[in-house]
Amino acid sequence: MYENYYQKYESEEQEVLVLIQRCLGAGYYKEGNYWDMTAISLGMVFPDGSCVIREGRVEWPLTEEETKGEYGWGRLARGQICRLKLRRMKPSAVPEHTTPEKFNAWLLVEVLEPAVSCPELEAYWEEYQKPVELNDEVLGKLTLNRELDWLEGEIPWGDGRMSLSLEIDTDDTETWDKARAFARKLATDAARWDSELRRFAAKELTELANDWQSSDEENENAPELTEEDFMRRIQPESLVLSWDGNLVAYYDDDDLFFGHVIEISGTESEGLKYANIAG
């Protein structure tokens, strides 16, 4: 049943101590009619005693029924240190956008011991859980979310505040600096950016909003929305910026789309590109 899936991995099996960050979830393989469960690992200790602290992926195939049982979400848990029998993913099976070392994917063959002691991994897990905060002179307090590779905070925006998330590479502090520099540009010119985001969304979505509103019997006799109405009604919620210049802003729709969020995206170099509804 899983022959094609197993072909992505080398035949050699290794017994490895693994520190689990979390169970990420399952993806569906339509061709084989099965699921692929993935857990994120933080570090591994190999049979030769070498300890490698690097994020990785531990994957295994299973049926839909098995996703609900012991082989599904609960098989590997946050903070668990276990002894696993693994097979490394072949370099040819690694996605093109990354490298085998960075993707670091393994097939889970068997859970040999669900709980083991390992001083190196235990010490890293203790350090990993400590909160990391920094104070930026413009952005205020930012907190590292290790699981999402984000710096999180809030910034003044218009008459209120905007939730801020900065996508970074946790292990590369240069990306922290680039993301913060990008965020400062927006934060120090928030009024202009807020106006541009509202105006762009209104230009792209006012006609669609009128279609949605006219489909509701309670609003069928209401006057048609103008772009100015649209701009005034939507309200800022959150801003997601990446260290390499991508931007996504989310605005509350004030029920223009019956509770869906308005998503506006673009890049630092090219400006705003898309506006749509989500959620």
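The values are calculated or read from the model by the stated rules, or taken from the named source; none is laboratory data. The shown structure was predicted, so the numbers you read here are calculated from the model rather than taken from an experiment. Glycine gets a Cβ as well: all are built from the backbone with ideal geometry, and neighbour counts include every protein chain shown. Areas reflect the complete protein model, heavy atoms only, side chains present, ligands, DNA and RNA absent. Shrake-Rupley method; radii C 1.70, N 1.55, O 1.52, S 1.80 Å.
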#### Entry: From LYS30, LYS8, residue being at pLDDT 95 or above, farther than 27 Å from ASP171 by Cα and of a type in the set (Lys, Arg)
LYS8
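Each row is one residue, and each column tells you yes or no for (1) touching a strand residue (DSSP E or B) at 6+ places or on another chain (Cβ under 9 Å); (2) in contact (Cβ under 8 Å) with a residue 12 or more places away in the chain; (3) assigned to a strand (DSSP E or B); (4) more than 16 Å from MET89 (Cβ to Cβ).
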position	(1), (2), (3), (4)
MET1	yes, yes, no, yes
GLN21	yes, yes, yes, yes
ILE53	yes, yes, yes, yes
ARG57	yes, yes, yes, no
PRO61	yes, yes, yes, no
GLU64	yes, yes, no, yes
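Within region 117-132, restricting attention to residues that are in a helix (DSSP H, G or I) and aliphatic (A, V, I, L, M), which residue is least open to solvent (accessible area, probe 1.4 Å)? Walk me through it before giving the result.
Of region 117-132, the ones in a helix (DSSP H, G or I) are 119-128.
Add one more test, that the residue is aliphatic (A, V, I, L, M), and what stays is 121, 123.
On the way: LEU121: 0, ALA123: 59 Å².
Of everything passing the filter in region 117-132, LEU121 is least open to solvent (accessible area, probe 1.4 Å).
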### region 16-60 - residue that is surrounded by 15 or more Cβ atoms within 10 Å (Cβ to Cβ) and among the acidic types (Asp, Glu) and, of those, nearest to the chain's Cα centre (by Cα)
GLU55
### Task
Identify, by number, the condition in (1) touching a residue at least 60 places away in the same chain (Cβ under 8 Å); (2) aliphatic (A, V, I, L, M); (3) over 30 Å from ASN135 (Cβ atoms) that LEU197 doesn't meet.
(3)
### Query
Would a scan of region 152-168 turn up a residue that is more than 22 Å from the chain's Cα centre (by Cα) and surrounded by 15 or more Cβ atoms within 10 Å (Cβ to Cβ)?
yes
### Filter result for the condition that a residue is under 24 Å from LEU24 (Cα atoms), of a type outside the set (Gly, Ala, Ser) and not in a loop (DSSP other than H, G, I, E, B), over LEU142, LEU151
LEU151
#### Entry: Cross-chain or 6+ apart pairs with Cβ under 8 Å, region 115-127 first and free of Cβ contacts under 8 Å to residues at least 40 places away in the same chain, then in a loop (DSSP other than H, G, I, E, B) and surrounded by 13 or more Cβ atoms within 10 Å (Cβ to Cβ)
ALA115/GLN80
### Query
What do you reckon, is THR206 open to solvent by 40 Å² or more (accessible area, probe 1.4 Å), among the polar types (S, T, N, Q) and modelled with pLDDT of 95 or more?
no
### Task
Could you list all residues from region 245-279 that are under 17 Å from the mean Cα position of the chain (by Cα), surrounded by fewer than 14 Cβ atoms within 10 Å (Cβ to Cβ) and outside any strand (DSSP E or B)?
GLY279
### region 83-109 residues that are open to solvent by 70 Å² or more (accessible area, probe 1.4 Å), paired with ones that are in a strand (DSSP E or B) (beta carbon under 6 Å, 6 or more apart)
ARG83/LEU17; ARG83/LEU112; ARG83/GLU113; ARG88/TRP106
